[in-house]
Amino acid sequence: MRIGIPKEIKTHEYRVAATPSCVAAYVKAGHRVLVERGAGQGAGYRDEQYLQAGATLADGPNEVFADSQMMVKVKEPLPPEYPLFRSGQILYTYLHLAADRDATCALLDAGVSAVAYETIQLEDGSLPLLIPMSEIAGRLSVQEGAKYLEKPFGGRGVLLGGVPGVARGDVAIVGGGVVGTNAAKMAVGLGARVTMLDTSHARLRQLDDLFGVAVQTLLSTEANLQRALAQADLVVGAVLVPGAAAPKLLKRVDLAHMKEGALLVDVSVDQGGMAETTRPTTHREPTFEVDGVLHYCVANMPGAVPRTSTQALTGTTLSYGLQLANLGLEQALAANPALRRGLNTRDGKITCQPVAEALGMTAQLAEI
């Protein structure tokens, strides 16, 4: 199979979809890999390393898209890339289509078979290709949150860990999954007072066993959420419904009950965000203020640490990519139910129920 690795064009996105060692694995399996010049530079990989791994270098995205049967990316396609797709081409990347009608329509119109990292799901319900970026985003949420709570960045001027004789900062984490757990690890490590909310009693018990008295766990009811929001200096939005839009748990009216200069880091922004006031931002302009509350809603948070993120991501995406390349789309989907759940669009139809429901396009569903 001819595999294309383009340079990511999202603002301040430095990750790359394949390291030189990944390219070598594809080449060893008998595939041809076309890498756009400079694609790995932001993550610290030189063009020469890709050449040594057996790749062919391309001078621009047009050549990569035109000559590749399968495009392997990191982030969802953006408008300049829409016209480059063609019918029958495989796209293997993060998509988050439930919050992106334009990209969805572009893929449907082009007849692309799009396999989304974030909806590849194992029998136990886990999302193996989402986990590594969720781990990074969760840890970054507190790292970035601590920075943007500083007064020069518009925050309350609170040091999360406090100092002797001064109260520590309060962190409220909404969602006890991978993102929330990793956010809690960082917040506890900084010495903050941490409250975690989740709708699952079983998950709250696991979190209580993991963190003990270092974290207060609360059932995510409206009353508990309101109290946690009012107390928090930093709120981390870490809710996820696989493939679907994130539930809007934080209404605009709730901002009035939060502290002046408090910070919301909405990691759920890729799926539309957990707050009504969330809108995607970039690393260039990461924050905005609504009703006295600072919002950090960067839609590609792991792109800020591209070396770590690229290695973590490609360590999990390569095996599924090799299955698609070695077997072809039809046989790979038939052989691997997890991959089959990852298919979002095909032959001009949506094949992922949560995406279709989020976009009001259920009638276009097709059986796989």
* Out of the range 1-25, which residues are under 18 Å from THR308 (Cα atoms), among the polar types (S, T, N, Q) and open to solvent by 20 Å² or more (accessible area, probe 1.4 Å)? -> SER21
* Asked: Scanning for something open to solvent by 40 Å² or more (accessible area, probe 1.4 Å) and acidic (Asp, Glu), does the range 192-200 turn up at least one residue?
  -> no
* Structure fact -> Exception for GLU118 within (1) in contact with a His (Cβ under 9 Å, 6 or more places away or on another chain); (2) open to solvent by 20 Å² or more (accessible area, probe 1.4 Å); (3) of a type outside the set (Lys, Arg) falls at (2)
* **Number of the exception - ALA103 against (1) over 19 Å from ALA18 (Cβ atoms); (2) open to solvent by 10 Å² or more (accessible area, probe 1.4 Å); (3) of a type outside the set (Asp, Glu); (4) free of Cβ contacts under 8 Å to residues at least 60 places away in the same chain** => (2)
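Of the residues ALA312, ALA325, only one is in a helix (DSSP H, G or I), buried (at least 21 other Cβ atoms within 10 Å of the Cβ) and hydrophobic (A, V, I, L, M, F, W, C); which?
Details: ALA312 fails: buried (at least 21 other Cβ atoms within 10 Å of the Cβ).
Residue meeting the stated conditions: ALA325.
Would a scan of the range 122-130 turn up a residue that is under 19 Å from TYR14 (Cα atoms) and at pLDDT below 95? Break it down stepwise before answering.
Going through the range 122-130, the residues under 19 Å from TYR14 (Cα atoms) turn out to be 129-130.
Now drop any that are not at pLDDT below 95, which leaves 130.
Checked against the condition, which is being under 19 Å from TYR14 (Cα atoms) and at pLDDT below 95, the range 122-130 yields at least one hit.
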* How many residues does the range 256-273 contain that are open to solvent by less than 40 Å² (accessible area, probe 1.4 Å) and either more than 19 Å from SER141 (Cβ to Cβ) or modelled with pLDDT of 95 or more (or both)? -> 8
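In the range 34-57, is there at least one residue being under 13 Å from ASN344 (Cβ atoms) and open to solvent by less than 10 Å² (accessible area, probe 1.4 Å)? Explain how you work it out, then say what you get.
Applying the first criterion (under 13 Å from ASN344 (Cβ atoms)) to the range 34-57 yields none.
Checked the range 34-57: no residue is under 13 Å from ASN344 (Cβ atoms) and open to solvent by less than 10 Å² (accessible area, probe 1.4 Å).
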* Exactly one condition in (1) out of contact with any His (no Cβ under 6 Å at 6 or more places or on another chain); (2) over 15 Å from SER141 (Cβ atoms); (3) surrounded by fewer than 19 Cβ atoms within 10 Å (Cβ to Cβ) is not met by ALA230; state its number. => (1)
* Structure fact -> Scanning the range 149-184 for residues that are touching a Ser or Thr at 6+ places or on another chain (Cβ under 6 Å) and in a helix (DSSP H, G or I) gives VAL178, VAL179, ALA183
* To do: State all residues of the range 282-325 that are in contact with a Leu (Cβ under 8 Å, 6 or more places away or on another chain), closer than 30 Å to TYR26 by Cα and of a type in the set (Val, Ile, Thr); if no residue qualifies, say none.
  => VAL305, THR316, THR317
* Condition check for LEU107: at pLDDT below 95 and of a type outside the set (Ser, Thr, Tyr) -> no
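Hey, can you tell me all the residues within the range 121-133 that are outside any loop (DSSP other than H, G, I, E, B) and surrounded by fewer than 22 Cβ atoms within 10 Å (Cβ to Cβ)? Lay out the reasoning, then the answer.
Quick first cut of the range 121-133, residues outside any loop (DSSP other than H, G, I, E, B) only: 131-133.
Those that are outside any loop (DSSP other than H, G, I, E, B) and surrounded by fewer than 22 Cβ atoms within 10 Å (Cβ to Cβ): ILE131, PRO132.
The values are calculated or read from the model by the stated rules, or taken from the named source; none is laboratory data. These figures come from a predicted structure and were not determined experimentally. A quick note on method: Cβ atoms are made from the backbone with ideal geometry, for glycine too, and the neighbour counts reach across all protein chains shown. We work out accessible area using only protein heavy atoms, side chains counted, and drop any ligands, DNA or RNA first. Shrake-Rupley method; radii C 1.70, N 1.55, O 1.52, S 1.80 Å.
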